[in-house]
Amino acid sequence: MDKASLLLHICCAPCGGGCVAALQQEGRRARLFYSNSNLADRAEFDKRLESVRKLAELYQLDLEVDPYDHAAWLAAVAGLEKEPEHGKRCSKCFEFSLRRAALRAAELAETFATTLTVSPHKNSRQIFDAAKDFAAFEAIDFKKGGNYTVSCRIARENGFYRQKFCGCEFSRAAVAAFAGKKQQSPKEKLK
């Protein structure tokens, strides 16, 4: 087994496309590690996994799938359910997924990184802080170099499933509440 490779934690294919393309431009080959126990239900996990499989096939990359364990994720964020998006719950969530990636990377690769940093909705510094205890973590900020735009283009061209929320039940509720506020008329907002 080649341990000189990078294990790339991948949350979804739309985020992964630009990251994989950027790594390949640098002459690096990654093994994908899909770990998404934060997802509120198994159906969402499977829907995202289907597109991750397509991405792996498109770039001819090996794919490791971390078993879905939402109960373990809920235990990891227990007590932080009412935290706002981008708060302490998100930090714990990042740490949870990155810990699982670190454990798998110890078997498969010299280093690991995450596609989470490509999203404009995620704070890369917060992700890097969550990974500070993992010696093999490579802090790659995939936002740089226009990789998000590349990710969006690859997702469109390949028909990848594009979700509208992070994935946990708490972010889903926040998105629904925000959408509800946007739907109100100006008069209703004043009441």
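The values are calculated or read from the model by the stated rules, or taken from the named source; none is laboratory data. Just so it is clear, the structure is predicted and the values come from calculations on it, not from any experiment. As a convention, Cβ positions derive from the backbone with ideal geometry for all residues, glycine included, and neighbour counts pool all protein chains shown. Please note that ligands, DNA and RNA were not included when accessible areas were found on the heavy atoms of the full protein model with its side chains. Shrake-Rupley method; radii C 1.70, N 1.55, O 1.52, S 1.80 Å.
Observations
- Per DSSP, loop GluC sites (Glu not before Pro) in the range 12-54 with at most 10 further Cβ within 10 Å: GLU26
- The label point for LEU103 and the one for ARG28, both projected 7 Å from the Cα toward the Cβ, are 2.4 nm apart.
- Distance in nm between pseudo-label sites at HIS86 and ALA173 (7 Å out along the Cβ direction from Cα): 2.0
- Links that overshoot a 18 Å alpha carbon limit, given the list LYS122/LYS143; LYS82/LYS143; LYS47/LYS143; LYS54/LYS143: LYS82/LYS143; LYS47/LYS143; LYS54/LYS143
- Estimated translational diffusion coefficient (Stokes-Einstein, Kirkwood radius over Cα pairs, 4 °C, 1.567 mPa s) of the range 38-119: 90 µm² per second.
- For the chain, hydrophobic long helices are taken as DSSP H runs at least 20 Å long by C-alpha position along their axis with mean Kyte-Doolittle hydropathy of 0.0 or more; none is present.
- Applying the Kirkwood pairwise sum to the alpha-carbon positions of the chain produces a hydrodynamic radius of 17.1 angstrom.
- Ligands, DNA and RNA are left out, and with a 1.4 angstrom probe the accessible area of the chain is 53 Å² per residue.
- Ellipticity estimate at 222 nm from DSSP helix runs (n ≥ 4, -39,500 (n - 2.57)) divided over the chain, nearest 500: -16000 deg cm²/dmol
- If the segment from LEU74 to GLU138 were pulled out straight at 0.36 nm per residue, it would be longer than the present Cα-Cα gap by 20.4 nm.
- Carbon plus sulfur fraction of accessible area for the range 53-184, probe 1.4 Å, in percent: 53
- Modelled spin labels at TYR161 and ASP46, positioned 7 Å past Cα toward Cβ, are 0.9 nm from each other.
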